[in-house]
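The next block holds one structure in the form of structure tokens; read it before the comments.
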Amino acid sequence: MRLTTYTDYTLRTLMYLGLNRDRLATIKDIAELHAISKNHLMKVVHQLGLSGMVETVRGRNGGLKLKKEPSDINLGDVVRNTETDFYMAECFDREQSACVYAPSCALKGILGSATMAYLAVLDGVTLADLLKKDGGKRDAGPKPIRLRPSIS
């Protein structure tokens, strides 16, 4: 599974705001730090404002800041609100699926369980966890699996 650019920008914005709570930040600040488009970031910030996670202050000395405490911003919720779907394979989209195996395939159930496990891990993490000096490292959960490169 790969997060969309929109979700990536959302998480980066929240982390920036969480690390800079002592002042108002600007879209320009965040865009320049991460070398990302200000136009895309404006859409992200607008949605974060609508969601109630970020407060936007208009005007010459305006900017943005977290409206909620970092410990109250759950990553599972953020990802669910920014991703358009969690279709791991074609068969997840009933309207577009043309898979001949769909009626008797177990893969959809397995991938669905994997997606739920992925989201369950994110549900156990808050923005505050990401802002910890140790990088938010947690003891719980499986170790990352190293995949061997495919042999052609």
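The values are calculated or read from the model by the stated rules, or taken from the named source; none is laboratory data. The structure presented is a predicted model; accordingly, all values stated were derived computationally and were not measured. In this analysis, Cβ positions are derived from the backbone assuming ideal geometry, glycine residues included, and neighbour counts consider all displayed protein chains. Surface areas here come from the heavy atoms of the whole protein model, side chains and all, with no ligands, DNA or RNA. Shrake-Rupley method; radii C 1.70, N 1.55, O 1.52, S 1.80 Å.
In the context of the full set of protein chains, the range 1-51 has a per residue accessible area of 61 Å² (1.4 Å probe).
How large, in percent, is the carbon and sulfur part of the accessible surface of the range 1-124 at a probe radius of 1.4 Å? Roughly 52 percent of what the probe reaches on the range 1-124 is carbon or sulfur. Label-to-label distance, Glu95 versus Arg58, with points set 7 angstrom from Cα along the beta-carbon direction: 3.5 nm. Report note on the peptides 15-24, 113-122, 47-56: ranked by the mean count of other C-beta atoms within 10 Å, highest first, their order is 47-56, 15-24, 113-122.
Net charge within 11 Å of Val79 by Cβ-Cβ distance, Lys/Arg positive one each and Asp/Glu negative one each, not counting Val79 itself? Spelling it out: positives minus negatives among the neighbours equals -3.
With a cut-off of 14 Å between beta carbons, the residues surrounding Arg2 carry a summed charge of -3, where Lys and Arg count +1 and Asp and Glu -1. Figure legend: label point modelled 7 angstrom from the Cα of Leu3 along Cα→Cβ; residues of the range 52-71 with amide N under 19 Å from it are 52-55, 65-71.
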